[in-house]
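Since the structure comes first, as structure tokens, the remarks are kept for the end.
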Amino acid sequence: EPVYLQDIMATSLDLAGAERPDHVQFQSLKPILAGEKGGYPSIYGGYLKSQRAVTQDGHKLILYPNVPKALLFDLRSDPQEMHDLLEGNADPSAKEKAGKLFDEFLKLQRENGDALELKRDMFPELK
């Protein structure tokens, strides 16, 4: 299941029996460690103004706005992210998946208060 690295703090507090402070926004992984279902439906990530990403349903869309370039990976069959599904003559289903992930990215970007303005038409692979 997809999780955030920051979940480790909430998990450590939970395992120690300590109360989680209100400012800790991430969740404990203790239920997952106990074999229960957990994680997030999608994961959002960003680095400075040079990279954004969203992971959902075993796929990861990475956006490089300064290049501009979009990459799509199937994490189940390609966990090392070596084969960009949007490269060259991309399969129409890959473009469709990338479009859905971009929509999810925009939703998560708003929820996280990320002010970096990205639009679909900035990325040739998403047209």
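Bear in mind that the values in this text are calculations on the coordinates, not laboratory data. Note that this is a predicted model, so its numbers are computed, not measured. Reconstructed Cβ throughout: ideal geometry from the backbone, glycine too, with neighbour counts over all protein chains shown.
Annotations
- Angle in degrees between helix 7-16 and the longest Cα principal axis of the chain, rounded to the nearest 10: 10 degrees
- Karplus-based coupling profile of the range 41-49, in residue order and whole Hz: x, 8, 10, 10, x, x, 9, 6, 9, with θ = phi - 60° in 6.51 cos²θ - 1.76 cosθ + 1.60 and x standing for Gly or Pro.
- Evaluated at q = 0.20, 0.27, 0.31, 0.34 Å⁻¹, the base-10 log of the normalised Debye intensity for the range 69-108, with identical point scatterers placed on the Cα atoms, takes the values -0.61, -0.98, -1.10, -1.14.
- Most to least packed among 58-67, 113-122 [average Cβ atoms within 10 Å]: 58-67, 113-122
- D_trans [Stokes-Einstein, Kirkwood Rh over alpha-carbon pairs] for the chain, 4 °C, 1.567 mPa s, µm² s⁻¹: 81 µm²/s
- Using C-alpha pairs below 8 Å separated by at least 6 residues, the relative contact order for the chain is 17 percent.
- Burial ranking of peptide ranges 43-52, 79-88 (average Cβ count within 10 Å, highest at the top): 43-52, 79-88
- For residue 59, distant residues with modelled amide H under 5 Å away: 75
- Charge dipole magnitude, Cβ of K and R +1, D and E -1 - the range 42-126, Cα centre, debye nearest 20: 240 debye
- Backbone phi angles across the range 100-106, fed through the Karplus curve with coefficients 6.51, -1.76 and 1.60 (θ = phi - 60°), yield HN-Hα couplings of 5, 5, 5, 4, 5, 4, 4 Hz in residue order; Gly and Pro are listed as x.
- Sequence-distant contacts, meaning Cα pairs under 8 Å at least 6 residues apart, place the relative contact order of the range 56-114 at 25 percent.
- Estimated 222 nm signal from helices in the chain, with DSSP H stretches of n ≥ 4 weighted -39500 (n - 2.57), rounded to 500: -8000 deg cm²/dmol
- Using the empirical formula 2.2 N^0.38 Å as the baseline, the Cα radius of gyration of the range 1-40 reaches a ratio of 1.07.
- Rounded to the nearest 20 debye, the dipole magnitude of the range 1-40 is 60 debye, with +1 charges on Lys and Arg beta carbons, -1 on Asp and Glu beta carbons, and the Cα centre as origin.
- A straight line joining the Cα centroids of the range 86-118 and the range 47-83 runs 9 Å.
- Cross-link pairs exceeding 28 Å in C-alpha to C-alpha distance, out of 49/100; 69/107; 37/119; 30/69; 49/107, comprise 37/119; 30/69.
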